[in-house]
1. Using +1 on the beta carbon of Lys and Arg, -1 on that of Asp and Glu, and nothing else charged, what's the dipole of the protein assembly as shown about the Cα centre, debye to 20?
2. Could you go through region A:251-267 in sequence order and give the Karplus-derived ³J(HN,Hα) for each residue, using 6.51 cos²θ - 1.76 cosθ + 1.60 with θ = phi - 60°, rounded to whole Hz, and x for Gly and Pro?
3. Residue farthest toward the positive end of the dipole of region B:226-288, with Cβ of Lys/Arg at +1 and Asp/Glu at -1: which of B:L280, B:L260, B:L241?
4. Whole angstrom only: what separates the Cα centroid of region B:216-274 from the Cα centroid of region A:329-381?
5. Would you pull out the residues with amide H under 5 Å of B:G33's amide H, same chain only if 5 or more places away, H placed 1.01 Å from N?
6. Can you show me the helix-derived [θ] at 222 nm for chain A, built from DSSP H runs with n ≥ 4 at -39,500 (n - 2.57) apiece and divided by the number of residues, rounded to the nearest 500.
7. Which order do peptides A:289-295, B:184-190 fall in by mean Cβ count within 10 Å, highest first?
8. Sort A:M333, A:M39 so that the residue with the fewest other Cβ atoms within 10 Å of its own Cβ comes first and the one with the most comes last.
Amino acid sequence: MARLNMFLALMKKELLALSRDIHGMAALFLMPMVFIVVMSMALKDVYSPTITKLAYAVLNQDQGEAAKRLVERWVKERGDAKALPENWRDEVRSGRLKYVLLIESGFTSVVDNPGGAEGAKARLLTEPGLDNGMFETNRMRLVAMVTRLRAEAMLAGLPGNLDAAALMGDAPVAAERMAAGAHPTAVQQNVPAWLVFGMFFVVASIAGLFVEERSCGALARLRGLGVQPWQLIVSKVVPYLLVNGVQATLMLAVGIWLMPVIGGEGLSLEGVHWDALLLMLFAISLAAVSLALAVASLVNTHAQAATLGPILNVLMAALGGIMVPLFVMPTVMRNIAAFSPMNWGLEGLLDVLLRSGDIASVVSEAGRLAVFAVLMLALSFVLFRRRV
Amino acid sequence: MLAIRELGFRYPAASVAALDNVSFNAVRGEVLGLLGPNGAGKTTLIAHLAGLLTIQQGEITLDAQPLAVTRAAKPTRIAVAPQEYAFYPTLTVNENLACFAGVGGLSGAVSKARIAECLAFSQLERHAGVRADYLSGGLKRRLNLAIALLHRPELLLFDEPTVGVDPQSRAFLLEAVKKLAQEGCAVIYTSHYMEEVEAIADCVVILDQGRVLKQGALNELLGADGTQLQLAVAGGEVERLLALLAPFGSVVRQGLGVQLTLDARNSYATVIAAVDAAGLVVSHARFGHTDLEQLFMSLTRRSLRD
């Protein structure tokens, strides 16, 4: 009973001290929430591009039948064109207009007579800063449309029993992302990434509070009252597991409820295996708290605690695919990322949230995090005994 | 109650021992003043008693039981009010007391009652809800005291508890320490303020460079060197004065005058009468026993230790 009282008192003290640490609270709860919102909104178009929303205008110098059909079909896919400004070249150069579809005089004639001399063209004139992907997508779409117009013109010249519409129907092509559950969105990617980052930020809080506890003599007093190093460690692990739990709940809530309200896509937990999600969250939390205790036992001053923790976090995040997605990294960096505990956490969460992974599919990541946690706890215990 | 026998300790890589053959006792109902210049070994000694250092040489017993056994069975029998503010600055006075009460195994109504008693003893009731880092220096010292008293310790160690506090808080703390001894605690009190130790200690241990230089009952230590007379005469006739006073006891030059330790058969009045008869005019006279500061300085010398 006395031992239980001791643990309860130590854990309550830890939570009270954390609740009075405004900067620590902000780093633990506010910062990852802000990251989720900002990064999800900023990367929204990576998964649902705005290609159909680009402001454009049409300059049809031809007025022939093929030119009219091209404009009709372009408008149908890309939305209504803006009125063509008089100084449209300046507008495009400045980026106020993203592109102009210029159909040169004689275009219909070129389309209707495929064997004829090359001359008039349908030109796509874009602003200088247009994303290369968007530029290529529009160019290829224009090539496809003009090719189709040409084919239609050729078919029209053949004997009348040929059904041009049937021949030129939709190409037998389809492309889609292989998502078993929720479809990938910026929110679906960013919530797990910044949740992992936020959970590892307990390093700064635990290290700061531990240095204070040591420097003010409270730790010596606790030891004087018979508290053993392992008891001190356990009394710090449990409250921060709870803190990580609250963080995870908040971050998921932000994804599910806040993001749709502010114009982003909502996080979907459809088809998620909850047992796998909880296992991953527990493994990440244990690894984060253990690392925090090892760092806390290592540093001597507030300044060291305030710099080493965040630096370690940012490094692990940069290397682990939190800040820069793994798929854009070169092979060397991807190999390095495989050593970052944040990467194990992120990959595990993505398995659960994007690929509907069950416990068996995350056991490798959870296992690595658990081994990391055990090593860090052992290190903190050794350092703790020397310092207290 | 507490017996320290031939205690020795050397920190790793240190060339000299921090404690060397230290022995003394502390008994219930008495205040033991532990004195020594910086680096004398006081903090090392307290760290042993607080269970923060393992004994390398010698032994410490509490009621004839080895300290380690006592501490393992009931660590709260010994409490330390350390030099630092050993509590959580962002927690309130009450939260700090509740934390350390819980760590020592108290809970529920017992804990609440004991916290209330300690608040009352330290006169901190009005500040129970105040964050510890917002307290003044004196209040922080009183909180340190209150936490130390939570588990009704039998041996209390005060490590310079009055540093940086105002005279009122100092007087309060000294009264409190004296009262705790009167209630049956064994108290070890370290301080650099000699007048404090002189005011409350029943016995004194003077440490320097890890060794005990002197120990014993305070009145015996102060009276051991006999009655002293410090005297200066007008006209700077120190040589004449030295010669005149030699038959009355042991006399040495001191500043512009002399210091005479009177033989038991002589009295202050006869000395003054002799000076007067010799035609010397007394310009300064001070009479009494050696004070603790004089004793301390004579034992530990004046050279700086840091």
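1. Approximately 460 debye in magnitude.
2. These are the phi-based 3J(HN,Hα) values: 5, 5, 5, 4, x, 6, 9, 6, 4, x, 5, 9, x, x, 7, x, 6 Hz.
3. So the residue furthest toward the plus end is B:L260.
4. Their Cα centres are 84 Å away from one another.
5. Amide H neighbours of B:G33, under 5 Å, 5+ apart: B:Y189, B:D202, B:C203, B:V204, B:V205.
6. Calculated from helices alone, the mean residue ellipticity at 222 nm is -20500 deg cm²/dmol.
7. A:289-295, B:184-190
8. A:M333, A:M39
Quick note: the coordinates plus some simple rules give every number you see, no bench work behind them. This is a predicted model, so every value here is computed, not measured. Note that each Cβ is placed from the backbone with ideal geometry, even for glycine, and that neighbours are counted across all protein chains shown.
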